[in-house]
Amino acid sequence: MNKGELHVHLNGLVSTDVIRGLLVRDRSELPSGFDLERDLNILKPADSLSSYLKPWQVLRLIPKSKSCLRVIVESAFLNLKSQNITFVEIRNSVIYLALLNNISVDEALCWLVTEIEEVSEKYKIQAGLILTVSRGDYAPEHLRALLGAYEKLGKPNAIVGLDLAGNEEIVSPAETGSLFLQAKDKYGLKVTIHAGETGRIENIISAVDEFGADRIGHGTAASKSVEVMALLKKRDICIEVCPISNRLTNAVNEWESHPVIDFIDHKVPFVICSDNPSIHSSSLTEDYLEFFCETNSSQHLCNMYENQKKYSFIRGLCGN
Ligand SMILES: [Zn+2]
């Protein structure tokens with residue numbers, strides 16, 4: 001089956017072997033007790049979101065050069081190719097790339113856009129980049145830096161959207177939402193917000209009302225409220241459902257049925273995505289299988305490619 005991928009983080013898509021090889025080659029100093037054989041993958045439900053995020057303790061140590069970034073992007077696209085993915089929206093928080101390499105945010109964004117454009121062309125996979133901003137005090141500052149770089153680079157077509165991610169308990173400064181809205185208005189960038197992954201339904205409502213979300217990442221908490229599901233349906237806001245990730249982060253506990261069943265019942269739009277497939281030692285195909293196990297619905301999988309095109313932020317895909 002041809003597929004589209006609308007929610008995947010660059011570092012979570014790169015093969016674990018490649019990550020391990022780069023860390024060893026660069027003699028990166030690992031956090032004490034971090035086992036490169038054991039701790040780069042999450043294969044069973046984590047005790048908490050922070051233990052799920054353990055691989056990022058070392059993922060944030062790479063790439064330490066432009067050539068290393070190339071290796072990472074190549075590995076990511078090879079993995080997409082193996083899944084018959086014809087278009088992808090890749091997320092990355094470019095700020096850490098700038099800090100790690102001691103370069104400006106402008107230069108870091110230029111590196112990333114260049115590599116994605118070249119490798120996308122090489123593997124004939126249409127690609128868009130979503131700029132991820134982390135929740136917290138620095139969210140407005142980081143977003144301004146990213147948008148400044150976007151302007152300086154001449155608003156590359158490869159950049160298609162903005163994303164807010166990170167600990168949902170953390171409140172970001174009030175202006176963050178209006179900055180997202182302004183970016184939508186001024187540049188036509190689309191918005192997706194990681195919201196409602198850890199039960200906070202109010203984050204879904206604020207994603208829609210304050211950030212102008214076009215899509216919601218995970219959104220598992222939406223199933224708790226008929227009103228919120230009606231809101232998402234009415235505004236045609238698509239939920240990025242990541243079945244394997246949701247089980248491994250415990251966003252959906254093992255004794256619960258997956259909320260996607262409620263999304264189907266209430267006709268809330270959704271697409272299946274993989275989030276961090278290499279961390280899960282998995283793939284988008286396995287997320288489709290997990291979805292089938294949860295729902296017994298093959299019809300939604302048959303329609304998935306058209307649905308992914310419809311809700312993609314990449315312009316010019318047929319169907320959107
Ligand atoms: Zn995610």
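The values are calculated or read from the model by the stated rules, or taken from the named source; none is laboratory data. Bear in mind that the values here come from a model prediction, so they are computed numbers and not experimental data. Counting neighbours? That spans all protein chains shown, and the Cβs are built from the backbone with ideal geometry, glycine included. Note: areas computed on protein heavy atoms with side chains; ligands, DNA, RNA excluded. Shrake-Rupley method; radii C 1.70, N 1.55, O 1.52, S 1.80 Å.
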Taking first residues from region 283-307 that are farther than 16 Å from His7 by Cα and second residues anywhere that are open to solvent by less than 40 Å² (accessible area, probe 1.4 Å) and part of a loop (DSSP other than H, G, I, E, B), the pairs with Cβ under 7 Å that are 6 or more apart or on different chains are Glu294/His258
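Does Leu284 fit the bill of being at pLDDT below 95 and in contact with a strand residue (DSSP E or B) (Cβ under 7 Å, 6 or more places away or on another chain)? Walk me through it before giving the result.
On the way: at pLDDT below 95: no; in contact with a strand residue (DSSP E or B) (Cβ under 7 Å, 6 or more places away or on another chain): yes.
No, not satisfied.
Would you confirm whether any residue within region 155-162 is more than 15 Å from the ligand (Cβ to nearest atom) and at pLDDT below 95?
The answer is no; no qualifying residue exists.
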Just to confirm my filter: which helices (runs of 4 or more DSSP H) fall fully inside region 73-175 and include at least 1 residues that are open to solvent by less than 10 Å² (accessible area, probe 1.4 Å) and touching a Gly at 6+ places or on another chain (Cβ under 6 Å)? none
When region 1-55 is checked residue by residue, the ones that are within 16 Å of the ligand (Cβ to nearest atom), open to solvent by 50 Å² or more (accessible area, probe 1.4 Å) and part of a loop (DSSP other than H, G, I, E, B) are Leu53, Lys54
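Within region 263-281, which residues are in a loop (DSSP other than H, G, I, E, B) and within 14 Å of the ligand (Cβ to nearest atom)?
Cys273, Ser274, Asn276, Pro277, Ser278, Ile279, His280
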When residues of region 290-320 are limited to those that are in contact with a helix residue (DSSP H, G or I) (Cβ under 9 Å, 6 or more places away or on another chain), open to solvent by 10 Å² or more (accessible area, probe 1.4 Å) and assigned to a helix (DSSP H, G or I), the one nearest to Val14 (Cα to Cα): Glu290
